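So the structure is just underneath, and the comments pick up after that.
The values are calculated or read from the model by the stated rules, or taken from the named source; none is laboratory data. Because the structure is a prediction, the values reported are computed rather than measured. Virtual Cβ from ideal backbone geometry, glycine too; neighbours counted across all protein chains shown.
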Amino acid sequence: MTRVAYLSADPGVPAFGTKGASVHVQEIIRAFRDRGAEVGLYTARTDDHVPADLADVPVVHVPVDGSAEQRRADRSLPREERTARREHRQVAAAHELAARAIADGADLAYERYSLFSTALAEVCSTLGVPGVLEVNAPLIDEQATHRDLVDTEGALRALRTQVAAASVVACVSEPVAAWVRGHCPDAADRIRVTPNGVNTTRIAPSAAAPVGDPVVLFVGTLKPWHGVEVLLEAAAVARERWQVRIVGDGPQGQALAEQAERLGVPVDFRGAVAPGDIPAALAGASIAVAPYPVLDGGADQYFSPLKIYEYAAAGLPVVASRVGQVPTIVRDGENGLLVEPSDATSLAAAIDTLVADPERARALGRAGRAMVETGHSWERVLEQILDGLSLSDGSVTEGVA
């Protein structure tokens, strides 16, 4: 049996949390286990939403943030010094995770890329095994733009070390792949673009018929780049009768609740739910939305939208903004409708169109379900990542059919 060391040294990614990143971690582990691999999880953050089917996964937890006393002491420091200390702790945690994986042994190392970690490189070089580096975002740019980054050169060195050691660099979108190539041009032949997937068994069309006014659904973290405020504006100018359901939480939660009250728009705020509870949260919805806005400064939309794959798996027609990778998933008029970003009037009109024509809405939903069944399961994603990867026992290297 092939032993896989799954490494995640990012303190912002809870392996058993409610974020989309948490779903990604869990589903890749499931896909490995479905292929007969034995998976050990080495992570800087766990959280408490452990699915029953993953409860037996061996977990090594090395937290970055230290004790409560240490965190209190850090808060008294100047911001730059506080950030520098945390970066040093990220480096130390990644080294410790690598050491633990090396001690346990593995036939394959798989790491979700995080700032400052060289764990994949350490495991691969010490054990002489192949490695996969999964890159979901240009984290160095994100950290410098939206948070704080002190040791930029250290972060770049870590990225180059990891990419150089990886047998495969799996990027979730072409913009992410271009970012990696820009910093690591020698890696071009090892980069694969592998968009997100969906668990088509766990998420399926609901058998329950919608009751009352059609429900228009949003699922995701409530942050500015998801455009939920545009959805509320659209609901306020809609001509048809429909209600809004928001599943998720985040820093914009209070502002969105206040906006809804100000606009007179009733909203069913469900809060964050564990990945295993997403099917229940989707049940009864008629339409799902991904209202991504125009980003400040025309920033690139590099993400692979996990929520859209989940909407499609649930058989829901999707109304989404025409940005980034979205038009490669939502084909306008075939499995959903596309609108211009940050345009509440166009968003309302598109939703109204589907509310007024429920048969068309159901047809678009069926087409979306067929799309993800055919090519976007997590098993398929992992097959694409591993295709042609050479292991001594050959048990996880079979190609894509």
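Name the helices (runs of 4 or more DSSP H) wholly inside region 334-391 in which the number of residues that are closer than 16 Å to residue 199 by Cβ and touching a Phe, Trp or Tyr at 6+ places or on another chain (Cβ under 9 Å) is 1 or more.
Details: elements: 344-356, 358-375, 378-386.
Per the criteria, 358-375, 378-386.
Please go through region 339-357 and give me each residue that is in contact with a helix residue (DSSP H, G or I) (Cβ under 7 Å, 6 or more places away or on another chain) and more than 12 Å from residue 317 (Cβ to Cβ), ordered by number.
339, 340, 342, 344, 345, 347, 348
Identify, from the list 355, 339, the residue that is within 24 Å of the chain's Cα centre (by Cα) and either within 29 Å of residue 233 (Cα to Cα) or of a type in the set (Asp, Glu) (or both).
339
Which of the residues that make up region 122-145 are under 16 Å from residue 10 (Cα atoms) and more than 18 Å from the chain's Cα centre (by Cα)?
Result: 144, single match.
Could you identify the single residue in 359, 340, 373, 334 that is without any contact (Cβ under 8 Å) to a residue 60 or more places away in the chain and touching a Ser or Thr at 6+ places or on another chain (Cβ under 6 Å)?
340
State yes or no: is residue 329 of a type in the set (A, V, I, L, M, F, W, C) and over 27 Å from residue 294 (Cα atoms)? If you could, list the steps in order and put the result at the bottom.
Numbers: of a type in the set (A, V, I, L, M, F, W, C): yes; over 27 Å from residue 294 (Cα atoms): no.
No, not satisfied.
So that you can scan it fast, the table gives a plain yes or no per residue for (1) modelled with pLDDT of 95 or more; (2) under 25 Å from residue 304 (Cα atoms); (3) assigned by TED's automatic domain parsing to the domain that holds residue 43:
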position	(1), (2), (3)
99	yes, no, yes
128	yes, no, yes
133	yes, yes, yes
146	no, yes, yes
158	yes, yes, yes
173	no, yes, yes
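On the basis of being polar (S, T, N, Q), surrounded by fewer than 20 Cβ atoms within 10 Å (Cβ to Cβ) and touching a Gly at 6+ places or on another chain (Cβ under 7 Å), does residue 201 make the cut?
no
Which of the strands (runs of 3 or more DSSP E) found entirely inside region 177-273 contain at least 2 residues meeting this: within 17 Å of the chain's Cα centre (by Cα) and of a type outside the set (D, E, K, R)?
It comes to 215-219.
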